[in-house]
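Take a look at the structure set out below.
The values are calculated or read from the model by the stated rules, or taken from the named source; none is laboratory data. Fair warning: this is a prediction, and the values are worked out from it, not measured in the lab. Note that each Cβ is placed from the backbone with ideal geometry, even for glycine, and that neighbours are counted across all protein chains shown.
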Amino acid sequence: MSIAEPPPVQNGHVGRSMKRKEDPRLITGRGAYTDDLVLPGLLHAAIVRSPEAHAKIVSIDTEAAKAIPGVQAVLTAADLGLAAGLPMAWVPPGVTVNTPEHYPLAKDTVKHVGDAVAVVVGDDRYAVVDAAEHVLVEYEPLPVVIDPEKALEEGSALVHEEFGTNKVHEWSLGGGDLEAGFAEADLIVERRVENHRISGAPIEPRAVVADYKSGNLQIWSSTQVPHFLRLFLAIMLGQSEEKIRVIAPDVGGGFGAKLQIYAEEPLMAVCSKVTGRPVKWVETRSEHMQVSHHGRDQVATVRLGVKRDGSITAIHSKIIADLGAYMFLLTPSIPSLGAFVMSGCYKIPAVQTDITGVFTNKCATDAIRGAGRPEATHMIETIMDQAADELGMDRLELRRKNFIPKEDFPATTALGIVYDSGDYHGSLDKLLEHFDYEAFKREQAEALEKGKHLGVGFSTYTEICGLAPSRVTGPSGFGLQTGLWESSMVRVHITGAVTIYTGASPHGQGVESSFAQIAADRFGIEPEQVEVIHGDTQTGPQGLGTYGSRSLSVGGEAMVRAVDKVTSKIKKIVAHQLEAAPEDIELQDGRFAVKGSPDKGMTLAEASGEAYIPENLPEGMEPGLEESAFYDPANFVFPFGAHACIVEVDAETGKVDIVRYVAVDDCGPAINPMIIDGQVHGGIAQAIGQALYERIHYDEQGQLVTGTFVDYALPSAADVPSFETDRTETPSTTTSMGVKGVGEAGTIAASPAILNAVVDALRPLGVTYLQMPLSPMRVWEEIQKAQGGGGASDDPGKQGGTYDAHGQGGGGSGPARPNQGELA
Amino acid sequence: MIPIEFDYKAPTTLEEAFEALREGGEDAKILAGGHSLVPLMKLRLAAPTVLIDLRKVAGLDGIQRENGTFRIGAMTKHYAVSQETGLGLAALASSTIADPQVRYRGTLGGSLAHGDPASDMLAIFLAMEGSVSIMGANGVREVAASDFFEDYLTTAVAEGEILTEIRLPAMDGYGFGYEKFNRRQEDWAMVAVGSLVKKAADGSCEDVRVGLTHMAGTPLRATAVEEALRGKPLDAASIAAAAELAAEGTNPPADLNASAEYKKHLARVLCRRTLEQAAA
């Protein structure tokens, strides 16, 4: 539900909630996903996976499996013959990242439950799944490392003996004088902030079909990054890149879990090469939970220095990141993405983030929707509430006191990051138009008298997205071994129809619609006449894919540049035909016409007719109407907003009910408000999932306890509220359209609003702080502890403290319990 | 997500079903709605060699009231039970089972015969003091609810037998309440409590029944609560005092989301709430 829909833009498609062009095929079952693909002679593959979290492979006996009727091949690591293992693409200058070999099939040890050991290929899926059970693997168990904090202790068992430590890397980002900042503070609030492990859990699990013929590989994969996949397949297979075609057909959600180069991709290529037939592998949900990378899993100690008037003097986050057993494509870099916005939307003179990555015997973590930024926002926005409480100051007053003011933009933070645009007071004002805070406080007090515990939590956030610009993110900057531009090719056909190729690889973002709306406005045609093609490395220009809320703000900007090249040529053609100057031609009522004489003009179809039947083109002009553009922005984009979550907590049972959720987001001018609403809804739902329900949990033996949707509590529509959304529109100064990304904003913003709301509801019972996930039992136990009763978990006081900045020398750990006492 | 190979039979009469059961031997399984068995098969936690699907067998579906008793065919869907308002507590509890897909496919007989103590209808059947007809090679036997649940996933339905009918008393004059505690709407109960209360003319408690879900390997009656409340005034104080006994004699299985202690606490809270609803 949207509170306020702006009126449709007159004579324009941009800004309208046009129904998505993708949806008719997707909702009538006519989408074509990788698993739908049937090729002549298609074989099927099943993977034999480790039931052990850490073990030496003593032997693998494939004979029994090979003897099963219908089995064509059983391969182990020794059979693959790859030129390279799976990639890790982050090499931060001056930082050592311990990166173990990661081969698609384990060579001599398995490092987590689900680690692939062998692959069975056969005539049908039933045969290979049965045969996989007959591959006999003898394991010799090794000590298991599960707790990332214990993993760093002297004498811990090791995940990878060769490094002599479980530490993957250390990475820091800081700016301003931290010591001076904390020295200046009247109060230092310190909290332990846990951000537990989650799964991306797209509706469509992964799937791969590989077809090797005549030395050429064609591969279909449910991926967000077809071009990266082609590059890395070339490297792993030792094959020239142009002989590989990667297709990402309809992809049923990714949430970052498909921003990866997975073992099954080179494996299926090898299986096809070995058998001489196309081979398909489709991930089961159980496999997805085990081996498709997880997200989050950070424990942070966050310190915030504040003066008695509420001004923040410093923030310091020390993060221990559980990265799992292998370094996947971007694994160690993900926590760092949060460091770039560790000061949130506040003016903080000193900001520091120190990250320690740790190996454990778990699946790797990597980018899951928000990727580092939900964690950072959770730290900032929970400690803001904690600080407000310690200061005896209203939570919103503390936020307003520290907002970077509108007139400061573009604003350079202490980290040297330039926030392109923002109006944080504006979005909070808009939020409070929908949510009457003062009335709520009265309602809350009245409810409490009746024994009902209502609470409100806020999150005022900004994030960094539109992943690019290459000179910041690239090898000599942040250290990603790639550029992060985007590309587009625009072809106007002789009839005036338009085909747009984009290097973005959408999988639910509605790019086929929003791009068509933009192009239609610039060509004076209808979006129905614009076809947006994506996800095929053979048909379009080189691209980089969809992640980091970049499709529109990077890919869309590339498209606009290609479109503008075409319209510039059209103007020359029209000017030539009408004997006018090209600079006098502009789009008027669907025609490229002479300024001031709208009757003198040509439609796109008329102009393209001239371009393709070139009897009368300007001297030296090439025929045709087709242009491409590559775009590498000068900066990121920084969406922002203000969210409010209203909860009722059943204090007897600990159950949290979200009564209302109001979100005001600003991603610049809206191209398609309905798509923005959808992204915000889904993003918040995913954050609610993390805050209240979902958790990837391994036991002490490294067994995945939450390996199905019975135990991994992914919420359904019945478990989330109706969302109330609204927008402010503050144009980005980075992008020509002013647009910013919105795909991750909801997820980045929402979890602290939920947590803060629950704490607010339970303060009358003495609960002052909580950790996610806020499962009923955890909430109940915390209430029991606060009431002086039983409860099984640790004292919340161990989670941090508050202390007189000067009395304790400004450092060290705080007292055992949060201190409600005097300020210095 | 692919089960081990199995045969499938869909007999049209009970005679054929029994023959298929005999032929199938110990690894044959009766298939009703399939919403408990099939997921277990897909995870390869159950591996029957033959499924005997009762959906084509006539006469196993439907609800009839005869005098003070509802006769419910074993293949009657949860949805149909939920729509029969005369069933009171049973209808209410049915309406909360999992999600619409499960309610439209899952059956009362299948649920009872499966004997999962986390599913809704077992404790309701127990509290209502229903009974079932179980048919075997030697005819039909009737088993009371109190004798039906033997152990975790084990009921009085023996190998070679088929549960054909459930009988639930109409419970005229009883108020009722049902509270299920779970994390998500569609989840099995972490704990659930169903209560039935009959008021005497003076407003005191003439009769009370309390069924507990997922507080042991089988569904339970909260007999201590019932004894404490029977004959007492139905005021808040006596209800609260009785509900405090809800966890007596229970042995709840703990999991990641709920310790035994927490479940016992929940049982007491939910018991009080359902008694209040039932007495209202």
Residues of the range A:115-124 that turn out to be in a loop (DSSP other than H, G, I, E, B), surrounded by fewer than 24 Cβ atoms within 10 Å (Cβ to Cβ) and within 33 Å of the chain's Cα centre (by Cα), as a count: 0
Strands (runs of 3 or more DSSP E) (entirely within the range A:276-337) containing at least 2 residues that are among the hydroxyl-bearing types (Ser, Thr, Tyr): A:312-324
Answer residue from the range A:715-729, given it is within 8 Å of another protein chain (Cβ to nearest Cβ) and assigned to a loop (DSSP other than H, G, I, E, B) and is surrounded by the most Cβ atoms within 10 Å (Cβ to Cβ) among those: A:PRO715
The lone exception for B:SER204 - which of (1) at pLDDT 95 or above; (2) crowded, with 19+ Cβ neighbours inside 10 Å; (3) not basic (Lys, Arg) it fails: (2)
Single condition A:ASN195 does not satisfy, out of (1) at pLDDT 95 or above; (2) of a type in the set (S, T, N, Q); (3) on the phi > 0 side of the Ramachandran plot: (3)
Failed criterion for A:SER568 (all others in (1) part of a helix (DSSP H, G or I); (2) in contact (Cβ under 8 Å) with a residue 60 or more places away in the chain; (3) among the polar types (S, T, N, Q) hold): (2)
Strands (runs of 3 or more DSSP E) wholly inside the range A:148-231 that include at least 1 residues being of a type in the set (Ser, Thr, Tyr) and under 30 Å from A:GLN509 (Cβ atoms): A:187-199, A:216-221
Candidates B:SER94, B:SER111 - the one that is buried (at least 19 other Cβ atoms within 10 Å of the Cβ) and in contact (Cβ under 8 Å) with a residue 40 or more places away in the chain: B:SER111
When residues of the range A:159-186 are limited to those that are touching a helix residue (DSSP H, G or I) at 6+ places or on another chain (Cβ under 6 Å) and hydrophobic (A, V, I, L, M, F, W, C), the one surrounded by the most Cβ atoms within 10 Å (Cβ to Cβ): A:VAL168
Every residue from the range B:223-255 that is within 15 Å of B:PHE181 (Cβ to Cβ) and not acidic (Asp, Glu): B:ALA243, B:ALA246, B:ALA247, B:THR250, B:PRO252, B:PRO253, B:ALA254
Residue match in the range A:515-526 (condition: under 23 Å from the mean Cα position of the chain (by Cα), assigned to a loop (DSSP other than H, G, I, E, B) and buried (at least 24 other Cβ atoms within 10 Å of the Cβ)): no
Residue match in the range A:768-777 (condition: more than 30 Å from A:SER551 (Cβ to Cβ) and at pLDDT below 95): no
Restricting the range A:456-507 to residues that are at positive phi and surrounded by 23 or more Cβ atoms within 10 Å (Cβ to Cβ), the residue that is modelled with the lowest pLDDT: A:ALA468
Helices (runs of 4 or more DSSP H) enclosed by the range B:218-280 - at least 1 residues per element that are of a type in the set (Phe, Trp, Tyr) and farther than 21 Å from B:PHE176 by Cα: B:260-279
Residue count, the range A:414-437 (criterion: farther than 13 Å from A:LYS347 by Cα and touching a Leu at 6+ places or on another chain (Cβ under 9 Å)): 3
Filter result for the condition that a residue is within 12 Å of chain A (Cβ to nearest Cβ) and surrounded by fewer than 18 Cβ atoms within 10 Å (Cβ to Cβ), over B:ALA254, B:ALA267, B:ALA243, B:ALA237: B:ALA254
Residue within the range A:596-615 that is more than 46 Å from the chain's Cα centre (by Cα) and in contact (Cβ under 8 Å) with a residue 60 or more places away in the chain present: yes
A:ALA127 farther than 24 Å from A:PRO332 by Cα, among the small types (Gly, Ala, Ser) and modelled with pLDDT under 95: yes
Residue in the range A:659-666 that is within 14 Å of chain B (Cβ to nearest Cβ) and surrounded by fewer than 21 Cβ atoms within 10 Å (Cβ to Cβ) present: no
Qualifying residue in the range B:263-273 (condition: of a type outside the set (A, V, I, L, M, F, W, C), assigned by TED's automatic domain parsing to the domain that holds B:VAL191, touching a strand residue (DSSP E or B) at 6+ places or on another chain (Cβ under 8 Å) and more than 19 Å from B:TYR152 (Cα to Cα)): yes
Candidates A:ALA83, A:ALA127, A:ALA132 - the one that is touching a residue at least 24 places away in the same chain (Cβ under 8 Å), surrounded by fewer than 19 Cβ atoms within 10 Å (Cβ to Cβ) and either away from chain B (no Cβ under 14 Å) or over 33 Å from the mean Cα position of the chain (by Cα) (or both): A:ALA83
Those residues of the range B:1-45 which are among the small types (Gly, Ala, Ser), under 24 Å from the mean Cα position of the chain (by Cα) and either surrounded by fewer than 18 Cβ atoms within 10 Å (Cβ to Cβ) or within 14 Å of chain A (Cβ to nearest Cβ) (or both), in sequence order: B:GLY34, B:SER36
Qualifying residues in the range A:284-302 (those that are out of contact with any helix residue (DSSP H, G or I) (no Cβ under 7 Å at 6 or more places or on another chain) and farther than 30 Å from A:HIS44 by Cβ) - the one nearest to the other protein chains (Cβ to nearest Cβ): A:ASP297
Options B:PHE125, B:PHE181: the member that is within 30 Å of A:PRO776 (Cβ to Cβ), within 14 Å of another protein chain (Cβ to nearest Cβ) and at pLDDT 95 or above: B:PHE181
Enumeration of residues in the range B:213-234 that are exposed (fewer than 15 other Cβ atoms within 10 Å of the Cβ) and either under 24 Å from the mean Cα position of the chain (by Cα) or of a type in the set (Val, Ile, Thr) (or both): B:THR223, B:GLU227
Criterion (in contact (Cβ under 8 Å) with a residue 60 or more places away in the chain, within 14 Å of another protein chain (Cβ to nearest Cβ), in a strand (DSSP E or B) and touching a strand residue (DSSP E or B) at 6+ places or on another chain (Cβ under 8 Å)) met by exactly one of B:VAL208, B:VAL193, B:VAL197: B:VAL193
Output for the range A:395-410, where each listed residue is without any contact (Cβ under 8 Å) to a residue 60 or more places away in the chain and surrounded by 15 or more Cβ atoms within 10 Å (Cβ to Cβ): A:ARG400, A:PHE403, A:ILE404
Qualifying positions in the range B:142-193 - among the β-branched types (Val, Ile, Thr) and over 30 Å from B:GLU206 (Cα atoms): B:THR154, B:THR155, B:VAL157, B:ILE162, B:THR164
